[in-house]
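The values are calculated or read from the model by the stated rules, or taken from the named source; none is laboratory data. Computed from a prediction, not measured in an experiment: that's the story for all the values here. Don't worry about glycine lacking a Cβ; one is built from the backbone with ideal geometry, like all the others, and counts go over all protein chains shown.
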Amino acid sequence: MHVDSDDIDWNEPDTDERATTFRRKRLSAATDAKDIGCSLYKLPPGNRSWPYHYHEANEEAIYVLSGTGTIRLQDSTHALSAGDYVSLPAGETGGHRVINDSDDDVTLRYLAISTMQDPDVVIYPDMDKLGVYTGTPPGRHEGRKLTKYYPENADVDYWSEKPKKSEADPE
C-alpha cells in the first residue's frame, strides 16, 4: 500500500519527562504493514527521544535523514549524521536513546524501523521500569489488549494464598 507522508499527522508523546520532545509520523500504521514498523521522527535541538530502553522481542534500526546528534547505546555513544544506519538487536545489547545535542539549530530527522512481534517487554534501565504490551506490538495501538508499566523490582509471590480446594481436587 502506498502512502504520502504529507497526508499523515505528526504525533507528540504525552510525557512529563523534561527534554523528551519529538514529533512522529507512524508510516507503517498508515498502511497495511503487519510485520514491520516504520516511523519518521523530528527531534528538535536540545531534546531526546524515548527514554533509554530495549525490547526483548523486537529489533529496531535507525536511519538518519538529516541533522546531527548522538545515539546512546549499551556501552557507548556515537555521533549521528545524515546517512548513518544503526542496527539495534532485541535484548540488552540493543539498548538505545537518540539525542539531538548538536550545536546548530537544526532538527534531527530519522526513520525508526522495527519488527512487530507481539507480545513484547520493553526494559527502561535508567528508570528501573519495564513495559508489557500484548494484543499488538509496541508501535501499534489499535486492538491493544494490555499496556502496563511496572517497577523493575516489582514481584509478587505466585502462591501468596493457599489455593482453594475445588470439588475436582483429591483430598
| Top-ranked residue of region 6-20 - restricted to ones that are surrounded by 10 or more Cβ atoms within 10 Å (Cβ to Cβ) and modelled with pLDDT of 85 or more, ranked as farthest from the chain's Cα centre (by Cα) | Ile8
| said: I'd like to check something: does region 78-97 contain any residue that is outside any strand (DSSP E or B), at pLDDT below 95 and not aliphatic (A, V, I, L, M)? | reply: no
| query | Out of region 101-153, which residues are at pLDDT below 90, hydroxyl-bearing (Ser, Thr, Tyr) and surrounded by fewer than 16 Cβ atoms within 10 Å (Cβ to Cβ)? | reply | Thr147
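Can you name the residue in region 49-77 that is outside any strand (DSSP E or B) and of a type in the set (S, T, N, Q) and is also farthest from Thr136 (Cα to Cα) among such residues? Even if it seems obvious, please write down each step before you answer.
Pass one, region 49-77, residues outside any strand (DSSP E or B): 49-52, 56-59, 67, 74-76.
Subsequent filtering for residues that are of a type in the set (S, T, N, Q) retains 49, 58, 74, 76.
On the way: Ser49: 22, Asn58: 12, Gln74: 26, Ser76: 31 Å.
Among those that are outside any strand (DSSP E or B) and of a type in the set (S, T, N, Q), it is Ser76.
Taking Asp35 as the residue in question, decide whether it is of a type in the set (Asp, Glu) and touching a residue at least 60 places away in the same chain (Cβ under 8 Å).
Details: of a type in the set (Asp, Glu): yes; touching a residue at least 60 places away in the same chain (Cβ under 8 Å): yes.
Judged against the criteria, Asp35 is a match.
The rows are residues; the columns are (1) among the β-branched types (Val, Ile, Thr); (2) within 20 Å of Pro119 (Cβ to Cβ).
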{"residue": "Lys42", "(1), (2)": "no, no"}
{"residue": "Arg48", "(1), (2)": "no, no"}
{"residue": "Leu65", "(1), (2)": "no, no"}
{"residue": "Gly69", "(1), (2)": "no, no"}
{"residue": "Gln74", "(1), (2)": "no, no"}
{"residue": "Pro89", "(1), (2)": "no, yes"}
{"residue": "Thr93", "(1), (2)": "yes, no"}
{"residue": "Arg97", "(1), (2)": "no, no"}
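Among the residues of region 101-137, which ones are part of a loop (DSSP other than H, G, I, E, B), more than 19 Å from Gln74 (Cβ to Cβ) and touching a residue at least 40 places away in the same chain (Cβ under 8 Å)?
Looking only at region 101-137, we keep the residues that are part of a loop (DSSP other than H, G, I, E, B), and these are 101-107, 116-119, 128, 135-137.
Imposing the further condition that a residue be more than 19 Å from Gln74 (Cβ to Cβ) reduces the set to 102-107, 116-119, 135-137.
Ser102, Asp104, Asp105, Val106, Thr107, Met116, Gln117, Asp118, Pro119, Pro137 - these are the residues of region 101-137 that are part of a loop (DSSP other than H, G, I, E, B), more than 19 Å from Gln74 (Cβ to Cβ) and touching a residue at least 40 places away in the same chain (Cβ under 8 Å).
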| said: I'm checking my understanding of the structure. Among residues of region 21-31 that are of a type in the set (Ser, Thr, Tyr) and assigned to a loop (DSSP other than H, G, I, E, B), which one is modelled with the highest pLDDT? | reply: Thr31
